[in-house]
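The values are calculated or read from the model by the stated rules, or taken from the named source; none is laboratory data. Keep in mind it's a predicted model, so treat the numbers as computed, not measured. Neighbour counts are summed over all protein chains in view; Cβ atoms, including those assigned to glycine, are modelled from backbone coordinates with ideal geometry.
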Amino acid sequence: MHDIAAPRRDLLWSLLTSVRASRLDEERMARDNPHLRQALAADKHSGLAIAVRARTIALLVIGALLPLLNPTWSVLYHEALLVAFMAIGWLQMRAGRVGRSGLELALIFADLALLSFTVLVPNPWFHEPMPTAFQYRFENFIYFFVLLAGGTLAYSWRTVLAIGTWTAGLWLGGLALVHWFGRRIPELSPTVESVFTDWPTIAEFLDPNATLAPLRVQEVVVFLIVAGILALQGFRTRQLVIRQAQIAAERANLSRYFPQNLVDVLAAADHDVGAERSQEIAVLFADIVGFTEIAERHPPAKVMQLLRRYHAVLEDVVFAHHGTLDKYLGDGIMATFGTPAAGPRDAANALAAARAIVAAMDDCSAECAARGDPRFRVSVGVHFGPVILGDIGPARRLEFAVVGDTVNVAARLEAATRALRCRLVVSDALVAKLGEAGSADPALLDGLRRRRRLRLRGRQTPIDVWLA
């Protein structure tokens, strides 16, 4: 016997350890991942709300059915118990929370214990005395499945398993109490035996004093099997919720480095986003004028604080105008408009962003000066033309890059602002693209003056530009 019992104990202990480890892992992940906490809380609260409402409707239906099954005043006893079940359900919704809750588990156990009492203890208002075991003839064990089904909507798979095991324990414990302490009417058994003398099996089944223990055990076994299957489905659903929360966290992390439009494309793309391709886009460069001097005259901490503020403003402006923040370049940035997918308003968005950057940086500089921080001025260059998009670098360190002459020209336009003594230089190619789109705001060109045949460093062919 010892050799047989030991493996069973080991298996049970292993199962309990796995369940506890699973709970601890989920609690740890929920602490570390706010998206998972929110997802689990939303799933729990919505499940509880649905379960309690469904349970209330089910109890109301049962309450309407009971007078048809028992058209006597004694039915009020069970109607009162239904009200108690409704109250426990609403208390469970109030007490429900993510994680382990002693109050919530106590309410679940109270639910099961009350149902066990209702099913096994005869109605004290019923006028006709009967053996306690006769309660089993009403086949009320099926109501435990109603509680189990509601539990699958609201609780974790571990709680569903607990409902299964608690129900089994309560039912078998009730069976023992009925067998040893239940009311018996001894004269009924011989009467049934005398009627069914030639059919002992039927006599045993119809004996009002018989608990029919094999059938009670069968009910428990079937209930545990169903609870196990539902718990397994609950486990799969919980893993899906965790995976969805992890995806949300990954997208949130991506959005710290990429604009939302690029994050959405990366998440939903069914093709290789990094595949090399050519398309026309707008490219914007922005830079702090005289940053080297600012860094030389101020402490590093102050300079870093200035850069963070500056980059935050630039990021907000670029993202607000549907751009992609391609990279930070020390005190400058490179942004693109039309990546990963080109649109008819890319040129207009780029010019609107450039003008917004100049205005926002003036306000930011004034705020810095009011706090005693250094003033600064920003210069911006914008160009429109064809580029090559795709992944560059080795397999272990891929980077989505935008390369081509258009990028070089945009950088040269920003650098030309010093010699031209202006804040913004826009290529004629971008202004011409505005005319093609036909939907750009004419106010975007207000204050721009044209300059023809500007020579850029490193390029032999001059280009026409617009200054502001």
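Would you mention how many residues in region 319-343 are farther than 16 Å from Gly381 by Cα and of a type in the set (S, T, N, Q)?
1
Yes/no per residue for (1) more than 14 Å from Pro131 (Cβ to Cβ); (2) touching a Ser or Thr at 6+ places or on another chain (Cβ under 8 Å); (3) not aromatic (Phe, Trp, Tyr):
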position: Trp166; (1), (2), (3): yes, no, no
position: Ser189; (1), (2), (3): no, no, yes
position: Asn209; (1), (2), (3): no, yes, yes
position: Val221; (1), (2), (3): yes, no, yes
position: Ile229; (1), (2), (3): yes, no, yes
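Taking Val98 as meeting all but one of (1) at pLDDT below 80; (2) assigned to a helix (DSSP H, G or I); (3) among the β-branched types (Val, Ile, Thr), write down the number of the exception.
(2)
Being at pLDDT 85 or above, among the hydrophobic types (A, V, I, L, M, F, W, C) and closer than 21 Å to Thr417 by Cα: is that true of Ala348 here? Give the steps one after another, and end with the answer.
On the way: at pLDDT 85 or above: yes; among the hydrophobic types (A, V, I, L, M, F, W, C): yes; closer than 21 Å to Thr417 by Cα: yes.
Taking the combined requirement at face value, the residue satisfies it.
Take the residues of region 191-210 that are more than 16 Å from Tyr136 (Cβ to Cβ), hydrophobic (A, V, I, L, M, F, W, C) and part of a loop (DSSP other than H, G, I, E, B): which is modelled with the lowest pLDDT?
For region 191-210, the residue satisfying everything is Phe196.
Looking at (1) closer than 23 Å to Leu115 by Cβ; (2) at pLDDT below 85; (3) among the aliphatic types (A, V, I, L, M), which one does Leu240 not meet, given that it meets all the others?
(1)
How many residues does region 353-388 hold that are outside any helix (DSSP H, G or I) and at pLDDT 85 or above?
At the first step, the residues of region 353-388 found to be outside any helix (DSSP H, G or I) are 371-388.
Going one step further and asking which of them are at pLDDT 85 or above, we end up with 378-388.
Residues in region 353-388 being outside any helix (DSSP H, G or I) and at pLDDT 85 or above: 11 in total.
Only one of these conditions is not met by Ala203: (1) more than 29 Å from Ala227 (Cα to Cα); (2) touching a residue at least 12 places away in the same chain (Cβ under 8 Å). Which number is it?
Checking Ala203 against (1) more than 29 Å from Ala227 (Cα to Cα); (2) touching a residue at least 12 places away in the same chain (Cβ under 8 Å), the one that fails is (2).
Going by the structure shown, is Arg216 among the charged types (D, E, K, R) and buried (at least 16 other Cβ atoms within 10 Å of the Cβ)?
On the way: among the charged types (D, E, K, R): yes; buried (at least 16 other Cβ atoms within 10 Å of the Cβ): yes.
Considered against the rule, which asks whether it is among the charged types (D, E, K, R) and buried (at least 16 other Cβ atoms within 10 Å of the Cβ), Arg216 comes out as yes.
Would you point out the residue of region 335-361, among those that are touching a strand residue (DSSP E or B) at 6+ places or on another chain (Cβ under 8 Å) and not aliphatic (A, V, I, L, M), that is surrounded by the most Cβ atoms within 10 Å (Cβ to Cβ)? Steps first, please.
Initial filter on region 335-361 (touching a strand residue (DSSP E or B) at 6+ places or on another chain (Cβ under 8 Å)): 335-340, 342, 346-347, 349-351, 353-355, 357-358, 361.
Keeping just the survivors that are not aliphatic (A, V, I, L, M) gives 336-340, 346, 349, 355.
Working: Thr336: 26, Phe337: 28, Gly338: 25, Thr339: 24, Pro340: 20, Asp346: 25, Asn349: 22, Arg355: 24.
Out of the qualifying residues, it is Phe337.
Quick one: count up the residues across region 391-409 that are at positive phi and modelled with pLDDT of 75 or more. Talk me through it step by step, then tell me what you get.
Restricting attention to region 391-409, the residues satisfying the condition of being at positive phi are 393, 404.
Subsequent filtering for residues that are modelled with pLDDT of 75 or more retains 404.
The total comes to 1.
Any residue at all in region 321-342 that is farther than 18 Å from Glu414 by Cα and either in a helix (DSSP H, G or I) or not assigned by TED's automatic domain parsing to the domain that holds Leu430 (or both)?
Within region 321-342, none of the residues are farther than 18 Å from Glu414 by Cα and either in a helix (DSSP H, G or I) or not assigned by TED's automatic domain parsing to the domain that holds Leu430 (or both).
Out of curiosity, is Ala429 part of a helix (DSSP H, G or I), free of Cβ contacts under 8 Å to residues at least 60 places away in the same chain and surrounded by fewer than 18 Cβ atoms within 10 Å (Cβ to Cβ)?
So Ala429 does not fit the description; no.
May I ask you to list the residues in region 177-190 that are at pLDDT 85 or above and either surrounded by 12 or more Cβ atoms within 10 Å (Cβ to Cβ) or in contact with a helix residue (DSSP H, G or I) (Cβ under 6 Å, 6 or more places away or on another chain) (or both)? Write out each step before concluding.
Filtering region 177-190 for residues at pLDDT 85 or above gives 177-188.
Result: Leu177, Val178, His179, Gly182, Arg183, Arg184, Ile185, Leu188.
Looking at region 113-148, which of its residues are closer than 29 Å to Arg53 by Cβ, aliphatic (A, V, I, L, M), touching a residue at least 12 places away in the same chain (Cβ under 8 Å) and part of a helix (DSSP H, G or I)? Steps first, please.
From region 113-148, those closer than 29 Å to Arg53 by Cβ are 113-121, 123, 138-148; that's our starting set.
Subsequent filtering for residues that are aliphatic (A, V, I, L, M) retains 113-115, 119-121, 142, 146-148.
Restricting the remaining residues to those that are touching a residue at least 12 places away in the same chain (Cβ under 8 Å) gives 113-115, 119-121, 146-148.
Listed by number, the residues that qualify are Ala113, Leu114, Leu115, Val119, Leu120, Val146, Leu147, Leu148.
Which one is modelled with the lowest pLDDT among residues in region 432-451 that are of a type in the set (A, V, I, L, M) and part of a helix (DSSP H, G or I)?
Residues of region 432-451 of a type in the set (A, V, I, L, M): 432, 434, 437, 440, 443-445, 448.
Retained after the next criterion (residues that are part of a helix (DSSP H, G or I)): 432, 434, 437, 443-445.
Details: Ala432: 90, Leu434: 85, Ala437: 62, Ala443: 81, Leu444: 85, Leu445: 86.
Only one residue fits best here, namely Ala437.
Given the criteria touching a helix residue (DSSP H, G or I) at 6+ places or on another chain (Cβ under 6 Å), at pLDDT 70 or above and under 30 Å from Leu115 (Cβ atoms), does Thr72 qualify?
Spelling it out, it is not the case that Thr72 is touching a helix residue (DSSP H, G or I) at 6+ places or on another chain (Cβ under 6 Å), at pLDDT 70 or above and under 30 Å from Leu115 (Cβ atoms).
Exactly one condition in (1) closer than 17 Å to Leu81 by Cβ; (2) among the aromatic types (Phe, Trp, Tyr); (3) touching a residue at least 12 places away in the same chain (Cβ under 8 Å) is false for Trp171; which is it?
Checking Trp171 against (1) closer than 17 Å to Leu81 by Cβ; (2) among the aromatic types (Phe, Trp, Tyr); (3) touching a residue at least 12 places away in the same chain (Cβ under 8 Å), the one that fails is (1).
For Pro131, indicate whether it is modelled with pLDDT under 85 and either more than 36 Å from the chain's Cα centre (by Cα) or on the phi > 0 side of the Ramachandran plot (or both).
Values: modelled with pLDDT under 85: no; either more than 36 Å from the chain's Cα centre (by Cα) or on the phi > 0 side of the Ramachandran plot (or both): yes.
No.
Mind listing whichever residues of region 303-324 are hydrophobic (A, V, I, L, M, F, W, C) and surrounded by fewer than 20 Cβ atoms within 10 Å (Cβ to Cβ)? Lay out the reasoning, then the answer.
Start the filter on region 303-324 by keeping residues that are hydrophobic (A, V, I, L, M, F, W, C), which leaves 303-304, 306-307, 312-314, 317-320.
Within region 303-324, Val303, Met304, Leu307, Ala312, Val313, Phe319, Ala320 meet the criteria.
At pLDDT below 85 and in the same structural domain as Leu240 (by TED's automatic domain parsing), is that true of Gly47? Break it down into steps so the answer makes sense when it comes.
Values: at pLDDT below 85: yes; in the same structural domain as Leu240 (by TED's automatic domain parsing): yes.
So Gly47 fits the description; yes.
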